[in-house]
Amino acid sequence: MMTAADFGLLLIRLTFGLLMAAHGAQKIFGLFGGQGLTATGKGFAALGYHPGGLFAVIGGMSELLGGLGLALGLLTPLAAAALIGVMINAMATVTGAHGLWETDGGVEYSVCIAVVALAVAANGPGRLAADRPFRWGKGGWKEAAFALGLGGVAAAIMLAL
């Protein structure tokens, strides 16, 4: 029997996951009013990522695949790590200098996405997820540490290049 908690977790995963996947599709394919890969690559280059096109693909695919993984509850700790890593990069290069609030261009939105991704990894994707039969499908400290650690290391590598 599906509980309210199962439904709530599914709702969180679908909302955040599909919105992040769409955000990645904007960068990669120019869908949903996005600028597409060429313009996104120029934007990444302006932020100091060289070559900009390569980093645009990495960022966009991290959002697209991480979002889809979160939405489906598929490889949830890895999907969470992808979103956490992208949000750390966004905070470090774009929003961090503007303080907390989104209205000032700050980190508020990126922090919320990273925390939701981490919370889903910690709690597990729930009963209505592709990961349910696997050991990481139940969440826990190890899954949360994996998501945060991998996301942080990947972000640090991207920022160092």
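The values are calculated or read from the model by the stated rules, or taken from the named source; none is laboratory data. Worth saying up front: this structure is predicted, and the values here are computed from it rather than measured. Note: ideal-geometry Cβ built from the backbone for every residue, glycine included; neighbour counts use all protein chains shown. Note: accessible area is taken over every heavy atom of the protein model, side chains too, but ligands, DNA and RNA are not part of it. Shrake-Rupley method; radii C 1.70, N 1.55, O 1.52, S 1.80 Å.
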Identify the single condition in (1) at pLDDT below 95; (2) in a helix (DSSP H, G or I); (3) closer than 19 Å to LEU11 by Cα; (4) not β-branched (Val, Ile, Thr) that TRP136 does not satisfy, given that it satisfies every other one. (3)
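Filter the range 11-25 down to residues that are open to solvent by 40 Å² or more (accessible area, probe 1.4 Å) and touching a residue at least 24 places away in the same chain (Cβ under 8 Å), then give me how many there are.
If we filter the range 11-25 for residues that are open to solvent by 40 Å² or more (accessible area, probe 1.4 Å), which is where we start, we get 11-12, 14-16, 18-19, 23.
From what is left, the residues that are touching a residue at least 24 places away in the same chain (Cβ under 8 Å) are 12, 14, 16, 18-19, 23.
Residues in the range 11-25 being open to solvent by 40 Å² or more (accessible area, probe 1.4 Å) and touching a residue at least 24 places away in the same chain (Cβ under 8 Å): 6 in total.
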Check VAL94, VAL86, VAL115 and return the single one that is closer than 24 Å to GLY48 by Cα, open to solvent by 50 Å² or more (accessible area, probe 1.4 Å) and assigned to a helix (DSSP H, G or I). VAL94
Could you list, in sequence order, all residues of the range 5-23 that are within 15 Å of ALA80 (Cβ to Cβ) and touching a Leu at 6+ places or on another chain (Cβ under 7 Å)? ARG13, PHE16, GLY17, MET20, ALA21
Could you grab the pairs with beta carbons closer than 6 Å, sequence gap of 6+ or different chains, first residue in the range 48-70 and at pLDDT 95 or above and among the charged types (D, E, K, R), second one open to solvent by less than 10 Å² (accessible area, probe 1.4 Å) and in a helix (DSSP H, G or I)? GLU63/MET20; GLU63/GLY24
Residues of the range 32-58 being over 16 Å from ILE157 (Cβ atoms), open to solvent by 80 Å² or more (accessible area, probe 1.4 Å) and not in a loop (DSSP other than H, G, I, E, B), in sequence order, are THR38, LYS42, ALA46
Would you please name the residue that is most open to solvent (accessible area, probe 1.4 Å), looking only at residues in the range 66-83 that are farther than 16 Å from ALA155 by Cα and of a type in the set (A, V, I, L, M)? LEU72
